[in-house]
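Single-structure report; data block below.
The values are calculated or read from the model by the stated rules, or taken from the named source; none is laboratory data. Since this is a predicted model, take the numbers as computed values, not measurements. Heads up, the Cβs are rebuilt from the backbone with ideal geometry, glycines too, and the neighbour counts pull from every protein chain shown. The protein model used for the area step is the full one, side chains on, heavy atoms only, and it has no ligands, DNA or RNA in it. Shrake-Rupley method; radii C 1.70, N 1.55, O 1.52, S 1.80 Å.
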Amino acid sequence: MAEWFASVKAEFELNFIKADRWEYLVTGLGNTLLLTLVALIVGVLIGIVVAAVRSTYDKTAETARPSFGRRVFGFFNGLCKVYLTVVRGTPVVVQVMIFFYVIFAAAKDGTMVAALAFGINSGAYVAEIIRGGIMSIDNGQFEAGRSLGFNYLQTMRYIIVPQTIKNVLPSLMNEFIALLKETSVAGYVAVQDLTKAGDIIRSRTYSAFMPLIAVALIYLAVVMFFTWLVGKLERRLRASDH
Amino acid sequence: MITDAIITVEGLYKEFGHGKVHALNGVDAQVRKGEVLVVIGPSGSGKSTFLRCLNLLELPTKGKITFEGVDITDSRVNINIHRQKMGMVFQHFNLFPNMTVLKNLTLAPRKLKGMAQQAADEKAMALLARVGLADRADAYPNQLSGGQKQRIAIVRALAMDPEVMLFDEPTSALDPEMVGEVLEVMKALAREGMTMVVVTHEMGFAREVADRVMFMDEGKVMEENTPENLFGNPQTQRAQEFLSKLL
């Protein structure tokens with residue numbers, strides 16, 4: 001028993017203490033969180049724009065008069081559909097590699113390129129969450145707003161969007177948690193995220209168990225923290241639900 | 001030619017699904033200032049579509065609708081301004097569930113007419129008192145009964161001081177014991193001289209309150225008359241059949 005403890009202690013010291021290897025994990029976690037945050041902001045911005053185009057096009061399909069503007073709008077709607085299909089139809093790691101090795105081959109900051117790629121990927125999922133939220137509001141709400149004299153944008157702003165936000169916030173938080181875990185493939189493009197940090201330690205110490213379990217536990221802790229936060233948010237939203 | 005018409009409808013056609021469904025097949029109609037026009041007919045006859053075309057919630061396929069002398073089917077017309085003067089009440093109330101009753105009533109006057117919060121609140125409270133719901137100002141819609149919701153929906157539309165009120169089967173989604181309270185509010189409104197277009201299955205209401213009754217079937221106006229004549233002595237076979245089934 002004492003021998004086993006001694007070996008665990010030796011393993012721990014080898015993987016984390018010696019040569020200050022724990023610093024890899026700290027830097028890695030920092031990069032993972034940075035990647036996630038930047039990707040989240042990019043994703044939400046793209047998601048809002050794409051959802052606005054898609055849902056506006058769908059909602060006005062019945063009432064819009066045929067015109068040049070309508071055709072231009074239709075073109076952008078088609079563009080959004082292509083974006084959604086391509087992004088959701090290909091693996092995120094392939095997208096990140098294409099961004100790093102093809103589109104931004106000359107870029108020096110791999111972290112920002114990866115963050116952009118993750119953001120563009122996440123944007124597609126965010127867009128569909130928001131669009132689903134908008135379309136799930138009963139059309140009668142929309143008609144009530146329009147019948148009072150609100151124009152399309154006013155109806156969205158005063159009536160539809162406030163109800164949508166409440167509906168989609170939990171789903172958006174879940175997308176954020178999924179995104180956090182997805183960034184673990186950033187190591188493919190030489191970004192030293194948390195996963196990569198564990199892998200670097202493993203390659204230095206030739207010992208896989210400790211670094212990989214440590215990485216897994218850190219992800220788990222972060223995800224559990226955010227899940228707890230989502231749960232709290234959901235309870236608060238329900239409390240104000242009349 | 002009627003000169004005091006507030007709404008004139010000429011040759012109105014509405015198709016759905018690229019011509020698969022013909023909801024309206026050439027409707028001509030007038031609504032005169034201060035009158036109550038009740039539209040009746042079997043389901044699928046196009047009466048709701050007709051009503052929803054009046055404020056362009058449905059865009060007509062063909063035809064012309066003139067409201068207060070303006071052709072609102074002209075694509076250059078800003079329909080939002082005209083809709084402010086056409087209140088609408090829906091079958092399913094469509095109150096804003098995330099707002100209090102008071103906020104439901106004051107949102108449009110404040111945002112569209114620039115009314116101050118206090119003035120809008122006072123006006124809303126006066127309207128609520130009129131329908132006996134002043135004590136529910138701070139309630140949320142899901143805390144109200146169906147009849148209460150519909151009375152709120154009516155005063156929400158009235159808060160914009162409309163020239164015309166459009167009612168789309170306002171009592172069809174209500175439990176029977178709540179139909180009366182909503183009809184009472186509508187009758188009071190009619191007595192005050194509000195111009196109203198009412199799509200309904202309430203023949204008692206039509207008989208009592210309507211100045212004119214329009215019978216629609218297959219997307220056309222089959223017959224139009226005073227309630228006494230239309231209910232007492234229907235001219236078309238369609239109307240005779242429809243009315244005989246109701247008795």
Top of B:Thr236, B:Thr200, B:Thr49 by mean-square fluctuation, Gaussian network on chain B, Cα under 10 Å: B:Thr236
Heavy atoms of B:Met216 accessible to a 1.4 Å probe, total area in Å² rounded to 10: 0 Å²
Point-to-point label distance, A:Ala106-B:Ala188, nm (Cα→Cβ direction, 7 Å offset): 7.5 nm
Listed residues A:Ser122, B:Ser75, B:Ser48 arranged by accessible area, highest first, probe 1.4 Å: B:Ser75, B:Ser48, A:Ser122
Candidates B:Val101, B:Val27, B:Val77, ranked by Gaussian network fluctuation over chain B, Cα under 10 Å, top entry: B:Val77
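Find how much the distance from A:Leu34 to A:Val223 grows on full extension, using 0.36 nm per residue of separation minus their present alpha carbon separation; answer in nm with one decimal. Walk me through the numbers before you get to the answer.
Working: separation 189, 0.36 × 189 = 68.04 nm, distance 1.50 nm.
Extending this stretch completely gives an extra 66.5 nm.
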³J(HN,Hα) computed for each position of region A:63-70 - Karplus, 6.51 cos²θ - 1.76 cosθ + 1.60, integer Hz, glycine/proline x: 9, 6, 7, x, 7, 5, x, 5
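Hey, if we sort B:Asp28, B:Asp138, B:Asp74 by accessible area with the 1.4 Å probe, largest down, what's the order? Before the final figure, lay out each step's value.
Numbers: B:Asp28 90, B:Asp138 120, B:Asp74 45 Å².
Ranked list, largest accessible area first: B:Asp138, B:Asp28, B:Asp74.
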Choice from A:Ile160, A:Ile46, A:Ile17 with maximal GNM fluctuation in chain A (Cα, 10 Å cutoff): A:Ile17
Largest-first ordering by accessible area, 1.4 Å probe, given options B:His82, B:His22: B:His22, B:His82
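Quick check for me: using +1 on Lys/Arg Cβ and -1 on Asp/Glu Cβ, what's the dipole size of region B:1-56 about its Cα centre, in debye to the nearest 20?
200 debye
Divide by every residue of chain B the summed helix terms, -39500 (n - 2.57) for each DSSP H run of at least 4, and state the resulting mean residue ellipticity at 222 nm, rounded to the nearest 500 deg cm²/dmol.
Working: 9 runs with 92 residues, N = 247.
Helix contribution divided over all residues of chain B: -11000 deg cm²/dmol.
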Inter-chain Cβ neighbour average for residues A:159-172, partner chain, 10 Å: 1
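May I ask you to work out the translational diffusion coefficient for region A:23-240 at 37 °C, viscosity 0.692 mPa s, via Stokes-Einstein with Rh from the Kirkwood sum over Cα pairs, reported in whole µm²/s? Write out the running numbers ahead of the final one.
On the way: Rh = 19.4 Å.
The diffusion coefficient I find is 170 µm²/s.
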Dipole axis of chain A (+1 Lys, Arg; -1 Asp, Glu on Cβ), positive-most option in A:Ser67, A:Val185, A:Ala39: A:Ser67
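Quick one: putting +1 on the C-beta of Lys and Arg, -1 on the C-beta of Asp and Glu, what dipole do you get for region A:23-240 around its Cα centre, in Debye to the nearest 20?
420 debye
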Between region B:152-193 and region A:112-182, the alpha-carbon center distance in angstrom: 34 Å
Over chain A, relative contact order from alpha-carbon pairs under 8 Å, at least 6 apart, %: 31 percent
Computed magnitude of the charge dipole of the protein assembly as shown (debye, nearest 20; Cβ of K, R +1, Cβ of D, E -1): 1200 debye
Reachable lysines, given that their alpha-carbon falls under 26 Å from the alpha-carbon of A:Lys18 and they are not under 8 places away in the same chain: A:Lys9, A:Lys196
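So what is the orientation-averaged projected area of the protein assembly as shown, using the convex hull of its C-alpha atoms, in nm²?
On the way: hull surface 129.8 nm².
Reported value for the Cα convex hull: 32.5 nm².
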5 angstrom amide H check on B:Val21, placed H, neighbours 5+ away: B:Phe16
Efficiency of FRET from Cβ geometry, B:Leu243 and A:Leu233, R₀ 45 Å, rounded to 0.05: 0.20
Region A:1-102, Rg to Rh (Cα coordinates; Rh as Kirkwood inverse mean 1/r): 1.34
Estimated inter-spin distance, A:Arg88 and A:Leu212, nm [label 7 Å along Cα→Cβ]: 3.3 nm
Probe 1.4 Å - accessible area at A:Arg65, Å² to nearest ten: 90 Å²
5 angstrom amide H check on B:Val221, placed H, neighbours 5+ away: B:Asp28
Amide hydrogen neighbours beyond the local backbone of B:Val39, cut-off 5 Å, H modeled: B:Val198, B:Val199, B:Thr200, B:Met214
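What does the convex hull of the alpha-carbon atoms of chain B project to on average, in nm²?
Numbers: hull surface 55.8 nm².
Computed as one quarter of the Cα hull surface, the answer is 14.0 nm².
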B:Val21 - accessible surface, heavy atoms, 1.4 Å probe, Å² rounded to 10: 80 Å²
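Give me the Kirkwood hydrodynamic radius of region B:10-103 in Å, from all C-alpha pairs, to one decimal place? Walk me through the numbers on the way to the answer.
On the way: mean 1/r = 0.0670 Å⁻¹.
The Cα-based Kirkwood calculation yields 14.9 Å.
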Between region A:2-25 and region B:1-69, the alpha-carbon center distance in angstrom: 82 Å
Theoretical ellipticity at 222 nm over chain A - DSSP helices of four or more residues, -39500 (n - 2.57) apiece, nearest 500: -26000 deg cm²/dmol
